[in-house]
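See below for the structure under consideration.
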Amino acid sequence: MGKFWVIFVASISILLPFLCNSFSPETPTDRRVLVLLDDFAVKSSHSSYFNSLKLRGFDLDFKLADDPKIALQRYGQYLYDALILFCPSVERFGGSVDVAAIINFVDSGHDLIIAADVNASDVIREVATECGVDFDEDPSAMVIDHTGYAVSETEGDHTLIASDDFIKSDVIIGSKKIEAPVLFQGIGHSLNPVNSLVLKVLSASPSAYSANPLSKLSTPPSLTGSAISLVSVVQARNNARILITGSLSMFSNRFFRSGVQKSGSSTKYEKSGNEQFLTELSKWIFHERGHLKAVNVKHHKVVETDEPALYRINDELEYSVEIYEWSGTSWEPYVTDDVQVQFYMMSPYILKTLSNDKKGLYSASFKVPDVYGVFQFKVEYQKLGYTSLSLSKQIPVRPYRHNEYERFIPTAYPYYGAAFATMAGFFIFSFVHLYNK
């Protein structure tokens, strides 16, 4: 029995560092990533992308997707904080991993990258559908573009796309302009119109369509033009982030190092935009950019510093909060002019834009409305590419006590004057009447 406990404690001591090395709001990028592959050859053929992650401090754990020993969690704790699926043809995941486990992984606030290709299996398609995108139902279809293809020595079937239709968001793809087009070869997908959380990051051109490149079109293709998304991202309501693409090849060393010239253009680039695009996009996916936190939420009367238990109607108060953005290595002040606070009871009675001191401190002063009840200070901040902030503090508001009202109300001065004049007239009339007697 004693020997059993020694083995048990030793096992826990070995596992504990891995169980505790999970996503931390204080250091959002200090984490481990599970990479599931169809073949270990992908580890070398896509080494440039993996090395860019390792250089930024990520601990990559490579496993075959059908490995019977793989697991996302153990003893109720997640072993990883991000998952990369570079296994488009896997028919069934090994171990305890399945579609439900992957969706629960994301629902728990973890990040996910899915790369499919023309051989995408039903299980990969199902995971993508659960995340809000639908790959072309035709298993032999690829994205074809006869005007936006990448020029090569062999004309081919125009399935090697050179796209530069990026999302207009510096926080998602970086502030440095991506000069060269991105090479893409694979299957396209459409966004679920019901899911407002999915964004197209790289779109096909208006002349693109999805079809089997080896056969003639007998019916109009189901996916055409800019409705085809080549790369999409999702930021869930719990701030988990997902990247979905139908081209595993775009992460490969060959596409990273390949020169590119878009058809119809005389400019030839020595290197495609794949490396810059996917590296910058991975920084956003793994919360190295666009990750916000709010601390030190305070409110108090203007003339005081302590937070009161309640306010009185018409009190002057001040609300403040500090907001920071993770830069990849440290927390930096987040500077913007569109953060608002609501003083809320059933509906906003006051909506005020917070001013900032350029050092992360946001504040606003306002008067409590002439309505008593239970109010809330609410900050609901949602901005493209940034994690959302939802702050709420409840505070009661009371009316005046019987001895707190003003003795004289300024707006009633005309009535006071009229009453005084009436009384003065009465006294004068009484005095004259008595004098005449």
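Among the residues of the range 268-277, is any under 26 Å from the mean Cα position of the chain (by Cα) and more than 26 Å from D136 (Cβ to Cβ)?
The initial filter retains those residues of the range 268-277 that are under 26 Å from the mean Cα position of the chain (by Cα), namely 273-277.
Those left that are additionally more than 26 Å from D136 (Cβ to Cβ): 275-276.
Yes, some residue in the range 268-277 is under 26 Å from the mean Cα position of the chain (by Cα) and more than 26 Å from D136 (Cβ to Cβ).
So, restricting to strands (runs of 3 or more DSSP E) that lie completely within the range 229-339, which ones have at least 1 residues that are of a type in the set (S, T, N, Q)?
Correct list: 229-235, 241-245, 292-301, 316-326.
Please find, within the range 96-128, the residue that is most open to solvent (accessible area, probe 1.4 Å) out of those that are within 23 Å of L278 (Cβ to Cβ) and assigned to a helix (DSSP H, G or I).
That would be R125.
If you check L317 against the conditions, is it touching a strand residue (DSSP E or B) at 6+ places or on another chain (Cβ under 6 Å) and not basic (K, R)?
Details: touching a strand residue (DSSP E or B) at 6+ places or on another chain (Cβ under 6 Å): yes; not basic (K, R): yes.
Yes, satisfied.
I'm trying to understand the selection: among the residues of the range 125-163, which are out of contact with any Phe, Trp or Tyr (no Cβ under 8 Å at 6 or more places or on another chain) and hydrophobic (A, V, I, L, M, F, W, C)?
Residues satisfying the conditions are V127, C131, V133, F135, A141, M142, A150, V151.
Restricting to the range 198-223, name every residue that is under 24 Å from G132 (Cβ atoms), of a type in the set (A, V, I, L, M, F, W, C) and open to solvent by 40 Å² or more (accessible area, probe 1.4 Å).
Correct list: L199 only.
Can you find even one residue in the range 269-291 that is farther than 30 Å from S163 by Cα, crowded, with 20+ Cβ neighbours inside 10 Å and not acidic (D, E)? Outline the logic, then answer.
Our first condition is that a residue be farther than 30 Å from S163 by Cα; within the range 269-291, this holds for none.
No.
Give just the number: which of (1) in contact with a helix residue (DSSP H, G or I) (Cβ under 8 Å, 6 or more places away or on another chain); (2) under 20 Å from N274 (Cα atoms); (3) surrounded by 21 or more Cβ atoms within 10 Å (Cβ to Cβ) does F135 not satisfy?
Looking at each condition in turn, F135 falls short on (2).
Just checking, does the range 400-409 include any residue being surrounded by fewer than 10 Cβ atoms within 10 Å (Cβ to Cβ) and among the β-branched types (V, I, T)?
Checked the range 400-409: no residue is surrounded by fewer than 10 Cβ atoms within 10 Å (Cβ to Cβ) and among the β-branched types (V, I, T).
Inside the range 172-198, can you point out the residues that are in contact with a strand residue (DSSP E or B) (Cβ under 7 Å, 6 or more places away or on another chain) and either in the same structural domain as E325 (by the TED database) or of a type in the set (G, A, S) (or both)?
Passing the criteria: A180, G186, G188, S190.
Within the bounds of the range 378-400, is there any residue that is of a type in the set (F, W, Y), within 30 Å of S232 (Cα to Cα) and part of a strand (DSSP E or B)?
Looking only at the range 378-400, we keep the residues that are of a type in the set (F, W, Y), and these are 381, 386, 400.
Still in the running and within 30 Å of S232 (Cα to Cα): 381, 386.
Imposing the further condition that a residue be part of a strand (DSSP E or B) reduces the set to 381.
So far as the range 378-400 goes, yes, one or more of its residues are of a type in the set (F, W, Y), within 30 Å of S232 (Cα to Cα) and part of a strand (DSSP E or B).
The values are calculated or read from the model by the stated rules, or taken from the named source; none is laboratory data. Predicted, not measured: the structure shown is a model, and the values here were computed from it. Heads up, the Cβs are rebuilt from the backbone with ideal geometry, glycines too, and the neighbour counts pull from every protein chain shown. Surface accessibility is based on the protein's heavy atoms, side chains included, excluding ligands, DNA and RNA. Shrake-Rupley method; radii C 1.70, N 1.55, O 1.52, S 1.80 Å.
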